[in-house]
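The values are calculated or read from the model by the stated rules, or taken from the named source; none is laboratory data. Predicted model only: the values in this text are computed from it and were never measured. A quick note on method: Cβ atoms are made from the backbone with ideal geometry, for glycine too, and the neighbour counts reach across all protein chains shown. The accessibility values were calculated without ligands, DNA or RNA, using every heavy atom of the protein model including side chains. Shrake-Rupley method; radii C 1.70, N 1.55, O 1.52, S 1.80 Å.
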Amino acid sequence: MSAEERPYITCHELLDFLHLYLEDELPEDRRSEFDRHLSVCDPCRAYIRQYEEAIRLGKAAFDDPAAPAADTPEELVQAILKSRKK
């Protein structure tokens, strides 16, 4: 039976192995089944986008809020540090 003839995996099956899919740890044949499902399932694509955004936000929560952005002028950083010492 060719891939086109096989039934699509279900949304539930996709969610069961989502972490492996996102970590690129699925065997190629299973990854193909995921990609095939995602090509026709808008809700799963939306879910994955939200899942990835939640991961990004969770990681960002642990970023050092005191660290200046890379494009912050050094003179501004020094002025702020100087004013905090007073």
Next on the checklist: Take the residues in region 71-86 that are open to solvent by less than 80 Å² (accessible area, probe 1.4 Å) and either assigned to a loop (DSSP other than H, G, I, E, B) or touching a helix residue (DSSP H, G or I) at 6+ places or on another chain (Cβ under 9 Å) (or both); name whichever of them is nearest to F17 (Cα to Cα).
Outcome noted: T72
Checklist entry - Among the residues of region 35-46, is any within 12 Å of the chain's Cα centre (by Cα) and β-branched (V, I, T)? => result no
Checklist outcome for this item: Going through region 32-70 in order, the residues found to be in contact with a Leu (Cβ under 9 Å, 6 or more places away or on another chain) and among the charged types (D, E, K, R) are E33, R45, E52
